[in-house]
1. Which of the residues spanning region 93-111 are without any contact (Cβ under 8 Å) to a residue 40 or more places away in the chain and over 15 Å from Lys138 (Cβ atoms)?
2. Please go through region 36-88 and pick out each residue that is closer than 10 Å to Trp14 by Cβ, among the hydrophobic types (A, V, I, L, M, F, W, C) and within 14 Å of the chain's Cα centre (by Cα).
3. Name every residue in region 122-148 that is without any contact (Cβ under 8 Å) to a residue 24 or more places away in the chain and part of a loop (DSSP other than H, G, I, E, B), in order of residue number.
4. Say whether the condition of being in a strand (DSSP E or B), within 22 Å of His115 (Cβ to Cβ) and open to solvent by less than 50 Å² (accessible area, probe 1.4 Å) is met by at least one residue in region 45-52.
5. Is it fair to say Asp85 is of a type in the set (D, E, K, R) and either buried (at least 18 other Cβ atoms within 10 Å of the Cβ) or over 16 Å from Ala164 (Cα atoms) (or both)?
6. With Gly101, Gly130 as the choices, which residue is open to solvent by 70 Å² or more (accessible area, probe 1.4 Å) and among the small types (Gly, Ala, Ser)?
7. Take the conditions over 16 Å from Arg80 (Cβ atoms), in contact with a Gly (Cβ under 6 Å, 6 or more places away or on another chain) and free of Cβ contacts under 8 Å to residues at least 40 places away in the same chain and apply them to Ile162. Does it pass?
8. Quick check on region 53-66: of everything there that is over 20 Å from Lys102 (Cα atoms) and in contact (Cβ under 8 Å) with a residue 60 or more places away in the chain, which residue is surrounded by the fewest Cβ atoms within 10 Å (Cβ to Cβ)?
Amino acid sequence: MVPPSSTRLTFRSWTDKDIGLAEALWCDPEVTHYFGGAMTRDQAHDRLHAERERETHLGMQYWPMFVRETGEFAGCAGLRPWQLDPETIEAGVHLMRSAWGKRLGEEALRAVLAHGFDTLGLPTIVAGHGIGHDNSQKLLERVGFDYTHNILWGPKAIEVRIYAIRAEIWRSTQTREDGAR
């Protein structure tokens, strides 16, 4: 089950035929700068396989997303067990450079959070960003995440700011936004 389409984005599950999309996204050093750097082609293939396996076993992945109007691949967004605590679910968004500056990351994250809280019934979702990634910090704060702490993450020990949002906070922000429209 994938998140429902948003105003400008549609989501689907990864397939074996998506190798080119996975490479375009995860092998791009600018896209991956704040979460470990560009992957090799083999690493991107492994990541694609891991996303597919995660959906098979857990019903979640970082789903590929496409611009509804054009069908252009925009990146991926989704949910996965957090590496530091598998009982906690982490949200994330990886955008193709062509999707930068259009607030598609915010739209994708809102769709993923709605799916996590409203469809999957998750109580809390965490997210993080590499130190210095100001756009990610602003995005997380705009959708209602609160900063919790910093960690050193991954084999390169990247300093990451961690945030969390609880379902009731998410729902209260959605009610306020719906009323403002």
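The values are calculated or read from the model by the stated rules, or taken from the named source; none is laboratory data. Every value quoted in this text rests on a predicted model; they were computed, and no experiment measured them. Positions of Cβ are generated from backbone atoms using ideal geometry, with glycine treated the same way; all protein chains shown enter the neighbour counts. We work out accessible area using only protein heavy atoms, side chains counted, and drop any ligands, DNA or RNA first. Shrake-Rupley method; radii C 1.70, N 1.55, O 1.52, S 1.80 Å.
1. Ser98, Ala99
2. Trp63, Cys76
3. Matches in region 122-148: Phe145 only.
4. Taking region 45-52 as the starting set, the residues that turn out to be in a strand (DSSP E or B) are none.
Scanning region 45-52, I find no residue that is in a strand (DSSP E or B), within 22 Å of His115 (Cβ to Cβ) and open to solvent by less than 50 Å² (accessible area, probe 1.4 Å), so the answer is no.
5. Numbers: of a type in the set (D, E, K, R): yes; either buried (at least 18 other Cβ atoms within 10 Å of the Cβ) or over 16 Å from Ala164 (Cα atoms) (or both): no.
Here the answer is no, as Asp85 does not meet what is asked.
6. Working: Gly130 fails: open to solvent by 70 Å² or more (accessible area, probe 1.4 Å).
Step by step, each of Gly101, Gly130 is checked, and only Gly101 is open to solvent by 70 Å² or more (accessible area, probe 1.4 Å) and among the small types (Gly, Ala, Ser).
7. On the way: over 16 Å from Arg80 (Cβ atoms): no; in contact with a Gly (Cβ under 6 Å, 6 or more places away or on another chain): yes; free of Cβ contacts under 8 Å to residues at least 40 places away in the same chain: yes.
It is false that Ile162 is over 16 Å from Arg80 (Cβ atoms), in contact with a Gly (Cβ under 6 Å, 6 or more places away or on another chain) and free of Cβ contacts under 8 Å to residues at least 40 places away in the same chain.
8. First pass over region 53-66, keeping only residues over 20 Å from Lys102 (Cα atoms): 53-61.
Imposing the further condition that a residue be in contact (Cβ under 8 Å) with a residue 60 or more places away in the chain reduces the set to 59-60.
On the way: Gly59: 12, Met60: 24.
So the residue we want is Gly59.
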